[in-house]
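Heads up, the thing below is written out as structure tokens.
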């Protein structure tokens, strides 16, 4: 009886299998880290490790192929792949930063997803989960047909406050860097 319960505990504590790393994934990660202007040269290896972790989280979600690497683009823009990053305190009455971590998570994420904002994996999972939770609402409001457009609209809606007319036609600031990553990857693809 005790042995069976111990086996159940051991089996339940085993993490889910991670998708294997492929040359395509490694190329996208390298492009994101090496072209991120917010990463100091002394932190490149640490940034690469963190990028690998959060990209594995992204692979668990059903992100459209045209937006692969969106969490990398957001992490680069928000913190330069620094899990200890603290945002500005312009919205805080106590002069403390409200946005913390690799994706500059607000206290809302702690309450809603029960995460540690300084943990890159938990932050990435909560960030992507929040965006995927926004998809049905965005689909009703924006009436987009393509999956890519839905995800972009949910990305904007998920990271900003609500607006009466919706945010259907706005673009997230990270999208420009994501497009740059994809352009570089397409240039390298024939070489690989």
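Miscellaneous remarks
- Scanning the stretch 5-25 for residues that are modelled with pLDDT of 50 or more, in a helix (DSSP H, G or I) and exposed (fewer than 14 other Cβ atoms within 10 Å of the Cβ) gives 23, 24.
- The residues of the stretch 112-144 that are in contact with a strand residue (DSSP E or B) (Cβ under 8 Å, 6 or more places away or on another chain), in contact (Cβ under 8 Å) with a residue 24 or more places away in the chain and not in a helix (DSSP H, G or I) amount to a single one, 118.
- Among all positions in the stretch 87-100, there is at least one residue which is closer than 27 Å to residue 180 by Cα, at pLDDT below 90 and buried (at least 21 other Cβ atoms within 10 Å of the Cβ).
- Any pair with Cβ under 6 angstrom, 6 or more apart, that starts in the stretch 151-164 at a residue that is at negative phi and crowded, with 21+ Cβ neighbours inside 10 Å and ends at one that is at pLDDT 55 or above and not in a helix (DSSP H, G or I): 151/64; 153/168; 155/172; 156/167; 156/170; 156/172; 157/167
- From the list 65, 136, 120, the one residue that fits, being closer than 18 Å to residue 174 by Cα and either over 11 Å from the mean Cα position of the chain (by Cα) or surrounded by fewer than 15 Cβ atoms within 10 Å (Cβ to Cβ) (or both), is 65.
- The numbered conditions (1) over 23 Å from residue 183 (Cβ atoms); (2) not in a helix (DSSP H, G or I) are all true for residue 46 except (2).
The values are calculated or read from the model by the stated rules, or taken from the named source; none is laboratory data. Note that the structure is a prediction, hence the values are computed from the model and not measured. Note that we place each Cβ from the backbone using ideal geometry, even for glycine, and neighbour counts take in every protein chain shown.
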